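The values are calculated or read from the model by the stated rules, or taken from the named source; none is laboratory data. Keep in mind that what you see is a predicted model, and the values were worked out from it rather than measured. Note that we place each Cβ from the backbone using ideal geometry, even for glycine, and neighbour counts take in every protein chain shown. Only protein heavy atoms, including side chains, enter the accessible area calculation; ligands, DNA and RNA are left aside. Shrake-Rupley method; radii C 1.70, N 1.55, O 1.52, S 1.80 Å.
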Amino acid sequence: MHSDAFDRYHHGHSLIHDLDPRVKVVVTVAFILSNALLPDAAWLAFLLAWAFILIANALSGLGLGFTFRRSFIALPFALAAITALFSIPGAPVMSFRFLMQDFTITDAGLLRFVSIVIRSWLSVQMAILLVAVTEFPKIVHALNHLRVPTILTVIISFLYRYLFVLTDEVMRLLRAREARSAGAAGKRGGGSVMWRARVVGNMAGQLFLRSYERSDRVYNAMLARGYKGELMTIHPHRFQAGDLLIGLLALVCLVLMQVAGRLP
Amino acid sequence: MHYSPVALHIPDGFLSLVVSLICWAITAVLLAMAVSRTNKSLGEKQVPLMGVMAAFIFAAQMLNFPVAGGTSGHLLGGALAAIVLGPWAAMLVMTAVIAVQALLFQDGGLLVMGANILNMGLITAAIGYGLYRGVANSSRNTKLAVAGVAAWLSVMAGALATSLQLWLSGTSNLQTVVIAMLSVHALIGVGEALITVAALAFIMQTRPDLLDETSASARGGRGWVAAGVVLSLAVVLLSPLASAFPDGLNRVAEDLGFIHIAQSGSGPLAGYSVPFFADASLSKIAAGMIGALVVLAVAIIAGRGLQKKTS
């Protein structure tokens, strides 16, 4: 597996790509925060927030529909909010019978459910855009600048760096299991659930030991290359006037959205 | 690439701002403690180890086995990490895993990341380590049995915490979400317990030095046992309460005025039951089953503890 197998970064040079990563992280979090602050059924503000995402998409040169195409990842979780449809008191919109139960969807419940899903869908698009236009090590570096404890950012950097190595290891373990598990077509595979769980447990234990021993070699190799307990970068972040301007502009847009969301 | 997300990763938008911020505050305090403890007790060499261990947990979550009907069991890893690495290190490792899942794969939101870390990283590590630490000097079989129960309980605790946060945010009906989450995770937890026990048994057999008295996993104090037991008791007491008598919890939250603050932007959401689960027999049966399972788990732990004292 190649070392960038998990990268979500799309190479490019655009206004958004070249923005200081700190600005991008702050604006993304502020955007998600702003969504959480919007009241239910603030349609105009939701529309403005979507326009904000579309503009960011366009400026990043990835195409208008880029984040939209990947934005359905959080949708299954909407199941958790489905009870809001029936449980919030309000005027009945429609009722139906299902599994011998009467369900009544109320107008207040419908508004709440739709608002929750829209907020989630807008927020996830912004997060998708952030990793698409910022290299992951730069995001971690920005987190470090934003006062996230160094030990955490170093662990995250190592996790990112070695994930593909250990995924390869998992692939080898899974392939070995496949190779040893013959099965006839249409027949259930052998072994009880207990037995299968034990096999996977042994694989996890094996993976743990291999990772543990590998971390020793990793550490020695890094020492040999001048590792001093923190990760270095050849891209020192320099905050420029343009970064500040765009960041402030984005924040002003968010404030306007809040105002639009509270108009009577 | 096989990567199966777990139903516990809450995306942005599903928790209210107040609940998200309270969870972030609790998480930040615990993480600050974890950072200062680990900085003190760990050498420079341990940091790359923790990084690779975080990658291990991430990768181990891809290991799966078919259970039945197309579903598959797999590992979450909080309890296993805590038992092998010690509680503070495990908290940092799980935090890194959850942060990367949210940042890189959008599996879980950013504003709600505090809640996700709390549910899947901190509570699971505290229960997993606390209960295991309580029997650290017992026989191998006792340790494995308790590790299994702890793994199961840690998943249930994460599911319960998630349900409560969703309820307080006004996203879900209390009774429905608790019953749905706990019944699904009672099964996922069994997979977790089996894999955790098997993985621990494997490590005990091949590298017992990683788990003995001088290892990182023995570094936590006795206070962890209390934390683990208290959290487990909270799961045991709250789960049946929330699934069988949701009005009680609703009432408490309302009396404290908390529910109105937490659900800012929406009307109060007091004890309205959902028709499907209002069917008393069904919800009572589910609640009863969950209660029974939880009590069974506690009985096993208590039994093991007593056995240790008498032997």
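Worth pointing out:
- Mean per-residue shielding of peptide B:38-49 is 5, counting Cβ atoms of other chains within 10 Å of each Cβ.
- Heavy atoms of A:Met171 accessible to a 1.4 Å probe, total area in Å² rounded to 10: 60 Å²
- Relative to the Cα centre, the charge distribution of the stretch A:1-105, modelled as +1 at Lys and Arg Cβ and -1 at Asp and Glu Cβ, gives a dipole magnitude of about 100 debye.
- Here, P(r) means the percent of Cα pairs in each 10 Å bin from 0 to the largest distance; for the stretch A:97-169 it is 15, 24, 24, 15, 15, 6.
- Surface accessible to a 1.4 Å probe, B:Val35 within the full protein complex, Å²: 20 Å²
- Span-like helix ranges in chain A, DSSP H, alpha carbon extent 27 angstrom or more, Kyte mean at least -0.5: A:107-133, A:150-180, A:193-224, A:241-262
- Cross-linked pairs A:Lys138/B:Lys143; B:Lys45/B:Lys143; A:Lys24/A:Lys228; A:Lys138/B:Lys45: Cα-Cα separations exceed 31 Å for A:Lys138/B:Lys143.
- Cα gyration tensor shape for chain A, rounded if a/c is under 1.5, else prolate or oblate: oblate
- Residues whose amide H comes within less than 5 Å of that of B:Phe65, counting only those at least five positions distant or on another chain, are B:Gly73 (H built at 1.01 Å from N in the peptide plane).
- Selection among A:Leu251, A:Leu122, A:Met222 by position relative to the dipole of chain A gives A:Met222 as farthest towards the positive end (Cβ unit charges, Cα centre).
- Accessible area of A:Arg217 in the full protein assembly, 1.4 Å probe (Å², nearest 10): 140 Å²
- Summarising the amide proton neighbourhood of B:Ser172: residues at separation of 5 or more, or on other chains, whose placed amide H is nearer than 5 Å comprise B:Trp167.
- Taken about its Cα centre, chain A carries a charge dipole of roughly 920 debye when the Cβ of each Lys and Arg holds +1 and the Cβ of each Asp and Glu holds -1.
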